[in-house]
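Below is one structure, written out as structure tokens; the observations come after it.
The values are calculated or read from the model by the stated rules, or taken from the named source; none is laboratory data. The shown structure was predicted, so the numbers you read here are calculated from the model rather than taken from an experiment. Cβ coordinates were reconstructed from backbone atoms using ideal geometry, including for glycine residues, and neighbour counts include every protein chain displayed. Side chains are part of the model used for accessible areas, which takes the heavy atoms of the whole protein and leaves out ligands, DNA and RNA. Shrake-Rupley method; radii C 1.70, N 1.55, O 1.52, S 1.80 Å.
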Amino acid sequence: MPKHPVGRRSETLRELLRLPPGERVDLAGHDARATPGARDGKQAAQAATAHTGRRLARLQERLWAAGTAGDHRRVLLVLQGMDTSGKGGTVKHVIGQLNPSGCRIRAFKAPTEEERRHDFLWRVRGALPAPGEIGIFDRSHYEDVLIARVRHLATPAEVGSRYGLINDFERELAEEGVTLVKCFLHISYEEQKRRLLRRLERPDKHWKFAPSDIDERALWPAYQEAYELALERCAAPYAPWYLVPADHKWYRNWAISRLLLEHLRELDPRYPEAGFDVAECRERLLKQT
């Protein structure tokens, strides 16, 4: 049974999609085809996404400008989800509307030999956005309690200790002025199969497919359990999780653009005041021939 309420028009999308901290998460109880908040359907949402993109770009410029004047605030968008859930598509269709000079995008793959010589958060710290930037993590530090748990890449005790380390890390980020927007892209088992088959049917998509994708799919129940634990244990008021139904790509793009917009509007970054005499500089320019 879907857990997303229809809600009042005054409710923000953050309120509709946020998972309550401390509550048990049952992913089977959340409809991956739901479209909470998008009451006017696909075409209206697609038009709204384009409009939201322009508003995001203006707010991003203000955040970037404020960062040059000492404002330490920044935004970190964390995208997690099963294969084909749309992490890359979100980067393309939502983040692609922003100025790349103010964005820092990192797609986390399997750790390198150098990264393995450090603790699991070491490579994450090195990829964080600078003041004024919007950072985007395509996968993240949560891989170390997801695939590490499912594939037994670490002992149960080590994986168990990482939830607390992640919470401490995210609390530290929030205290340093990082606004965390953590999105779990919730795709259904059936929709994943359809998307994988489409990759096989199109030669221009073969590069996105690997035979190991079928093996990973066989571990679906274990991954769902690992995600439920991560969503339960690492949701906090300073770093909530948003469950974004992702079977409909148009909804996924609309929802994440709206979530970013709501957070940036709340930050309300401002252009810094000029540190020089504007009138005097204008007069000097006018006198030049």
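Step by step: first the residues of the range 106-162, then only those that are aromatic (Phe, Trp, Tyr) and open to solvent by less than 10 Å² (accessible area, probe 1.4 Å), then the one that is modelled with the lowest pLDDT. Which residue is that?
For the range 106-162, the residue satisfying everything is Phe108.
Considering each residue of the range 140-166, count those that are more than 14 Å from Arg104 (Cα to Cα) and assigned to a loop (DSSP other than H, G, I, E, B), and give that number.
6
Pairs under 9 Å by beta carbon, first residue within 15 Å of Gly88 (Cβ to Cβ) and open to solvent by less than 60 Å² (accessible area, probe 1.4 Å) in the range 195-209, partner of a type in the set (Ser, Thr, Tyr) and not in a helix (DSSP H, G or I), six or more apart or different chains?
Once the first residue is within 15 Å of Gly88 (Cβ to Cβ) and open to solvent by less than 60 Å² (accessible area, probe 1.4 Å) and sits in the range 195-209, its partners that are of a type in the set (Ser, Thr, Tyr) and not in a helix (DSSP H, G or I) give Arg195/Thr84; Arg195/Ser85; Leu196/Thr84; Arg199/Thr84.
Which of the numbered conditions does Gln43 fail, given that it passes all the others? Conditions: (1) open to solvent by 60 Å² or more (accessible area, probe 1.4 Å); (2) under 19 Å from the mean Cα position of the chain (by Cα).
Going through the list (1) open to solvent by 60 Å² or more (accessible area, probe 1.4 Å); (2) under 19 Å from the mean Cα position of the chain (by Cα), Gln43 breaks only (2).
Checking Gly70 against (1) touching a Gly at 6+ places or on another chain (Cβ under 6 Å); (2) of a type outside the set (Val, Ile, Thr); (3) surrounded by fewer than 17 Cβ atoms within 10 Å (Cβ to Cβ); (4) over 12 Å from Glu133 (Cα atoms), which single condition isn't satisfied?
(1)
Considering Gly53, Gly81, which residue is open to solvent by less than 10 Å² (accessible area, probe 1.4 Å), touching a strand residue (DSSP E or B) at 6+ places or on another chain (Cβ under 6 Å) and among the small types (Gly, Ala, Ser)?
Answer to the check: Gly81.
Lys92 fails exactly one of the following numbered conditions: (1) surrounded by fewer than 21 Cβ atoms within 10 Å (Cβ to Cβ); (2) more than 29 Å from Trp207 (Cα to Cα). What is the number of that condition?
(2)
Kindly state which helices (runs of 4 or more DSSP H) lie completely within the range 217-289 and contain at least 2 residues that are out of contact with any Lys or Arg (no Cβ under 6 Å at 6 or more places or on another chain) and surrounded by 15 or more Cβ atoms within 10 Å (Cβ to Cβ).
220-233, 249-267
Do we have Arg33 as at pLDDT 95 or above, charged (D, E, K, R) and open to solvent by 60 Å² or more (accessible area, probe 1.4 Å) here?
Yes; evaluated as a whole, the condition is true for this residue.
Could you tell me whether the range 234-244 includes any residue that is under 18 Å from Arg39 (Cβ atoms) and either without any contact (Cβ under 8 Å) to a residue 12 or more places away in the chain or not hydroxyl-bearing (Ser, Thr, Tyr) (or both)?
For the range 234-244, residues under 18 Å from Arg39 (Cβ atoms) and either without any contact (Cβ under 8 Å) to a residue 12 or more places away in the chain or not hydroxyl-bearing (Ser, Thr, Tyr) (or both): present.
When you go through Val150, Val159 one by one, which is the residue that is touching a residue at least 60 places away in the same chain (Cβ under 8 Å) and not polar (S, T, N, Q)?
None of the others qualify; the one that does is Val150.
Just checking, which of Arg195, Arg199 is assigned to a helix (DSSP H, G or I), of a type in the set (Lys, Arg) and under 22 Å from the mean Cα position of the chain (by Cα)?
Arg195
For Gly126, work out the one condition from (1) small (Gly, Ala, Ser); (2) in contact with a helix residue (DSSP H, G or I) (Cβ under 8 Å, 6 or more places away or on another chain); (3) within 22 Å of Ile95 (Cα to Cα) it doesn't fulfil.
(2)
Tell me the residue from Leu59, Leu98, Leu63 that is at pLDDT below 95, out of contact with any Phe, Trp or Tyr (no Cβ under 7 Å at 6 or more places or on another chain), under 25 Å from Arg270 (Cβ atoms) and open to solvent by less than 20 Å² (accessible area, probe 1.4 Å), please.
Leu98
Spot the failing condition for Leu180; the list is (1) open to solvent by 20 Å² or more (accessible area, probe 1.4 Å); (2) over 19 Å from Met82 (Cβ atoms), and only one is missed.
With respect to (1) open to solvent by 20 Å² or more (accessible area, probe 1.4 Å); (2) over 19 Å from Met82 (Cβ atoms), Leu180 is out only on (1).
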